[in-house]
1. Select from the range 137-184 the residues that are free of Cβ contacts under 8 Å to residues at least 40 places away in the same chain and under 16 Å from the mean Cα position of the chain (by Cα) and list them in ascending order.
2. Restricting the search to the range 90-116, which residues are part of a helix (DSSP H, G or I), of a type outside the set (A, V, I, L, M) and surrounded by 16 or more Cβ atoms within 10 Å (Cβ to Cβ)?
3. Would a scan of the range 26-41 turn up a residue that is surrounded by 14 or more Cβ atoms within 10 Å (Cβ to Cβ), modelled with pLDDT under 90 and either not small (Gly, Ala, Ser) or not in a loop (DSSP other than H, G, I, E, B) (or both)?
4. Could you look through the range 60-88, keep only residues that are surrounded by 16 or more Cβ atoms within 10 Å (Cβ to Cβ) and of a type in the set (Lys, Arg), and pick out the one that is nearest to LYS102 (Cα to Cα)?
5. Can you name the residue in the range 223-240 that is exposed (fewer than 12 other Cβ atoms within 10 Å of the Cβ) and hydroxyl-bearing (Ser, Thr, Tyr) and is also farthest from ALA17 (Cα to Cα) among such residues?
6. Scan the range 260-269 and tell me whether some residue there is modelled with pLDDT of 95 or more, touching a strand residue (DSSP E or B) at 6+ places or on another chain (Cβ under 9 Å) and surrounded by 16 or more Cβ atoms within 10 Å (Cβ to Cβ).
7. Select from the range 195-222 the residues that are out of contact with any Ser or Thr (no Cβ under 9 Å at 6 or more places or on another chain) and surrounded by 12 or more Cβ atoms within 10 Å (Cβ to Cβ) and list them in ascending order.
8. Just to be sure I understand the filter: pairs with C-beta atoms under 9 Å, separated by 6 or more residues or on different chains, first member in the range 214-228 and under 24 Å from GLU247 (Cα atoms), second member in a helix (DSSP H, G or I) and acidic (Asp, Glu). Which pairs pass?
Amino acid sequence: MSAPDRNADNLARLNAALSQRFGDAPEIVAGNDFLARISAHRSHRAFKDEAVDPKLIRQVCAVALSAPSKSDLQQRDIVIVSDTMLRKKLNALMPDMEWLPKAPALLVVCGNNRRQRQLHEWRGRNFANDHLDAFFNAATDAAIVLGWLVLAAEAAGLGCCPLSVIRNRAQQASDLLGLPGHVFPYAGLALGWPAGEGYISPRLPLAATVHTDRFDDARLRDLVEGYDKRRRYRSQRYEAEYGRAAEYGWSEDKARQYSKSERAAFGAFVRKKGFNLG
C-alpha cells in the first residue's frame, strides 16, 4: 500500500472508530496507524488457552513504566503474579470475575509513596508533604502506568482488562502481595492472547466531556439521555430490588451501581498504610 493509501486508510479507520465510540466524532485532521489502533481500543475477558512469554510481559511493563510521572517521583510499581497458588488466592478475592482464572497472566499496579519517604530518610531531609497530595500523586502515577500498560499490551497484540475490583479487598490483596506501608494496590490487569475481536464500548458524547475555556454541563441531561439510547445493556443490576426497566441504558446502570456502597473501608485501609489524608 502506498503512503497516500495508508494515510487514507488510517483516517478512515480513525473516523469509523471515533464515530462508533462517541456518536459526535471530531473532524479528523491527522491520522496514523497508532491513533487508529488506540481509538479502537477494546477490553478483553476471553483469552486463548496459550501462555504469554514472561519476557514479553516484562517488556510490556518496561514500556508502560516509560510513561510520564509527576515531578519524576516515579511513585508506581508493577507486581507480576507468577506463582500459581498466589494467583489462585488473588483470583478468589475477585469472585464476580468468573472469567479471570482463565486469563493467562495477571499484573497488579501499585501506588508507591514508600520509596519517596525512604529517599528522605537516606538523605536526612524532612518529609514536608505528609498530607493528601502524597497519596494523590502516587495514585495518579499508578493510573498513568495502568493506561500505558493497556496501550503497550495492545501494541504487542495482547488483550487485557483492568480490575479495579481488587480494591474491594485491598487489605487482603496487600497482605498476599507483601505490600509495605505507603504502598497500595491500585488495580489489577488481566492479560492474554484475545480469543475474539471484542467490541468498541460507546462513550459519552464529546459535547458532554470536552469543554472550551469554561466547564459547561447545561445540556448534560439531554446528552446523557441521547447516550442512553446508544448504550444498552443486556443484563440489569439488582433487578429483584429495582425491577426490570423497559429501557435500560448507561445512566440507569450507573445509578443502580452506586446505589450500593462499594469500598467504604478503602479510606481506612489507606490511613492504615500510613497516609495522612488531611
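The values are calculated or read from the model by the stated rules, or taken from the named source; none is laboratory data. Every value quoted in this text rests on a predicted model; they were computed, and no experiment measured them. Here the Cβ is made from the backbone with ideal geometry for all residues, glycine too, and neighbour counts use every protein chain on show.
1. Here is the first cut: in the range 137-184, the ones free of Cβ contacts under 8 Å to residues at least 40 places away in the same chain are 157, 164, 175, 178.
Within the range 137-184, just SER164 meets the criteria.
2. We begin by selecting, within the range 90-116, every residue part of a helix (DSSP H, G or I); these are 90-92, 100-102, 114-116.
Still in the list and also of a type outside the set (A, V, I, L, M): 91, 101-102, 114-116.
The answer is ASN91, ARG114, GLN116.
3. From the range 26-41, those surrounded by 14 or more Cβ atoms within 10 Å (Cβ to Cβ) are 28, 31, 35-41; that's our starting set.
Within this subset, residues satisfying the condition of being modelled with pLDDT under 90 are 28, 31.
Narrowing the set further to residues that are either not small (Gly, Ala, Ser) or not in a loop (DSSP other than H, G, I, E, B) (or both) leaves 28.
Checking the range 26-41: at least one residue is surrounded by 14 or more Cβ atoms within 10 Å (Cβ to Cβ), modelled with pLDDT under 90 and either not small (Gly, Ala, Ser) or not in a loop (DSSP other than H, G, I, E, B) (or both).
4. Among them, the one singled out is ARG87.
5. TYR238
6. Yes, the range 260-269 contains a residue that is modelled with pLDDT of 95 or more, touching a strand residue (DSSP E or B) at 6+ places or on another chain (Cβ under 9 Å) and surrounded by 16 or more Cβ atoms within 10 Å (Cβ to Cβ).
7. Of everything in the range 195-222, those that are out of contact with any Ser or Thr (no Cβ under 9 Å at 6 or more places or on another chain) and surrounded by 12 or more Cβ atoms within 10 Å (Cβ to Cβ) turn out to be ALA195, GLY196, PRO202, LEU204, PRO205, LEU206, ALA207, ALA208, THR209, ARG219, LEU220.
8. Close Cβ pairs (under 9 Å, with a partner that is in a helix (DSSP H, G or I) and acidic (Asp, Glu)) amount to ASP228/GLU252.
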